[in-house]
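Data first, discussion second: the structure below is written as structure tokens.
The values are calculated or read from the model by the stated rules, or taken from the named source; none is laboratory data. The shown structure was predicted, so the numbers you read here are calculated from the model rather than taken from an experiment. Reconstructed Cβ throughout: ideal geometry from the backbone, glycine too, with neighbour counts over all protein chains shown.
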Amino acid sequence: MDTNNQAVKYMMPKMVLRREGNDLTSHFVTAMEPYADGANPRIENIEKLAPDQASEGAIAVKVTYGDITDIIVSLPDSNQEFIVDDITLKGKMGMIRLKDGEVQDMYLVGGTSLKKGNVAITDEGPVNGTIMGVKRQAAGDSKNAFITEASVPDDALGNTIVITHPNGKTHGYRIKSVDIEDGNTVIEIDHMDPGFSMDEDGESKMEFFPFTKWIGATTFRIENLKQLND
């Protein structure tokens with residue numbers, strides 16, 4: 001039985017930052033760097049970048065340590081374009097690693113392009129679609145899976161499929177395999193029950209507490225990941 005009795009042996013400093021006022025628009029960024037007891041943290045400086053073009057809620061930070069600079073960009077809307085200096089992102093997240101000012105690596109998540117200067121990576125972007133049916137081994141099916149008419153690439157294996165229920169609640173599952181059955185795409189999930197079922201009319205319900213029922217479309221999204229040095 002877990003009594004959490006080990007937690008009292010360790011201490012992690014905490015800080016609460018609050019802004020008060022009318023009609024505030026605040027962006028809070030937290031950087032957490034783990035390091036061993038007796039060691040020193042590596043991060044020397046964190047700077048928020050002022051974008052030249054950005055949608056509401058977009059944010060970019062520059063993290064510096066030694067001769068390394070990491071530029072991390074996060075967007076709430078992957079369809080919008082973000083521009084800061086010579087960096088352009090069309091996606092959900094981008095990370096650029098510089099060494100002595102030169103690009104060493106780049107990561108693009110949930111998007112189609114990330115560019116810094118004359119170095120760029122492009123990809124097909126995330127996969128979106130509607131869930132038509134659910135397979136559950138607990139209900140006698142051969143696998144735990146989701147059925148959709150959307151095309152899902154083979155390189156989605158190992159990625160996470162995020163299911164959005166009609167009420168906006170989401171659940172994530174690791175993708176084990178992608179197959180075509182009867183003209184539809186079957187996305188098998190790894191070592192996990194879907195947790196909900198769906199009838200022929202598309203209505204769905206949770207099979208466990210609190211046994212929520214939904215009426216409406218159940219959708220999914222699979223973020224793509226592209227690395228410069230793939």
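Quick look at the values:
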read-out: Index of the failed condition, His191 passing every other in (1) outside the structural domain of Glu81 (by TED's automatic domain parsing); (2) modelled with pLDDT of 95 or more; (3) more than 16 Å from Ile222 (Cβ to Cβ); value: (2)
read-out: Any strands (runs of 3 or more DSSP E) falling wholly within the range 1-106 and containing at least 2 residues that are under 30 Å from Arg221 (Cα atoms); value: 59-65, 68-74, 81-84, 87-90, 93-99
read-out: Condition broken by Leu157, with the remaining ones in (1) free of Cβ contacts under 8 Å to residues at least 24 places away in the same chain; (2) exposed (fewer than 13 other Cβ atoms within 10 Å of the Cβ) satisfied; value: (2)
read-out: Residues satisfying the stated conditions in the range 168-219, i.e. surrounded by fewer than 12 Cβ atoms within 10 Å (Cβ to Cβ), in a loop (DSSP other than H, G, I, E, B) and not charged (D, E, K, R); value: Gly168, Gly183, His191, Phe208, Phe209, Pro210, Phe211, Ile215, Gly216
read-out: Residues being under 18 Å from Leu49 (Cα atoms) and within 17 Å of the chain's Cα centre (by Cα) - total across the range 78-95; value: 8
read-out: Subset of the range 25-72 (residues that are under 15 Å from Gly94 (Cβ atoms) and of a type in the set (A, V, I, L, M, F, W, C)); value: Leu49, Ala54, Ala58, Ile59, Ala60, Val61, Val63, Ile71, Ile72
read-out: Only one of Ser78, Ser55 that is without any contact (Cβ under 8 Å) to a residue 60 or more places away in the chain, in contact with a Ser or Thr (Cβ under 9 Å, 6 or more places away or on another chain) and among the hydroxyl-bearing types (Ser, Thr, Tyr); value: Ser78
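A quick yes/no check of all residues on (1) surrounded by 14 or more Cβ atoms within 10 Å (Cβ to Cβ); (2) at pLDDT 90 or above; (3) touching a Pro at 6+ places or on another chain (Cβ under 8 Å):
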{"position": "Met32", "(1), (2), (3)": "no, no, no"}
{"position": "Pro41", "(1), (2), (3)": "no, yes, no"}
{"position": "Pro51", "(1), (2), (3)": "yes, yes, no"}
{"position": "Ala58", "(1), (2), (3)": "yes, yes, yes"}
{"position": "Leu89", "(1), (2), (3)": "yes, yes, no"}
{"position": "Met93", "(1), (2), (3)": "yes, yes, no"}
{"position": "Val103", "(1), (2), (3)": "yes, yes, no"}
{"position": "Met106", "(1), (2), (3)": "yes, yes, no"}
{"position": "Ile121", "(1), (2), (3)": "yes, yes, no"}
